[in-house]
Amino acid sequence: MLHKSRIPVIIATARPPRTVKYLLPEEIQAQAIMVYYNGAMIVSEELGLNQHFSIDSKLSSELIDYLTEMEREHCLSIEVEDNWIK
């Protein structure tokens, strides 16, 4: 929340946290509620909030197996809590 106006600021993006760090001033990042990965991760330094919503590991495994078998010409990239697994 921006302290002067008491208006909450929420920044939402499909990007991972590491890329947003270069785009927004630290002051905004520290005071805003940050939503990453289209809602899969929510962070607020000010509120002490750090939530991550993942896909069930069995379903993830099935998706990866299917995609690597059926879409061999494509590249699969996986992100987990700001870690890029190539």
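The values are calculated or read from the model by the stated rules, or taken from the named source; none is laboratory data. The shown structure was predicted, so the numbers you read here are calculated from the model rather than taken from an experiment. FYI the Cβ positions are ideal-geometry reconstructions off the backbone, even for glycines, and counts take in every protein chain you see.
Considering the stretch 15-86, the qualifying helices (runs of 4 or more DSSP H), each wholly inside and each with 1 or more residues that are among the acidic types (Asp, Glu) and under 26 Å from Lys4 (Cα atoms), run over 26-31.
Among residues of the stretch 58-85 that are on the phi > 0 side of the Ramachandran plot, those with a Cβ under 8 angstrom from a residue that is at pLDDT 90 or above and assigned to a strand (DSSP E or B), sequence gap 6+ or separate chain, pair up as Glu81/Met41; Glu81/His52; Asp82/Tyr36; Asp82/Met41. Can you confirm whether the stretch 40-52 contains a residue that is surrounded by 10 or more Cβ atoms within 10 Å (Cβ to Cβ), closer than 26 Å to Lys21 by Cβ, at pLDDT 90 or above and among the small types (Gly, Ala, Ser)? Checked against the condition, which is being surrounded by 10 or more Cβ atoms within 10 Å (Cβ to Cβ), closer than 26 Å to Lys21 by Cβ, at pLDDT 90 or above and among the small types (Gly, Ala, Ser), the stretch 40-52 yields at least one hit. In this structure, Val35 does not qualify as over 19 Å from Ile55 (Cβ atoms) and β-branched (Val, Ile, Thr).
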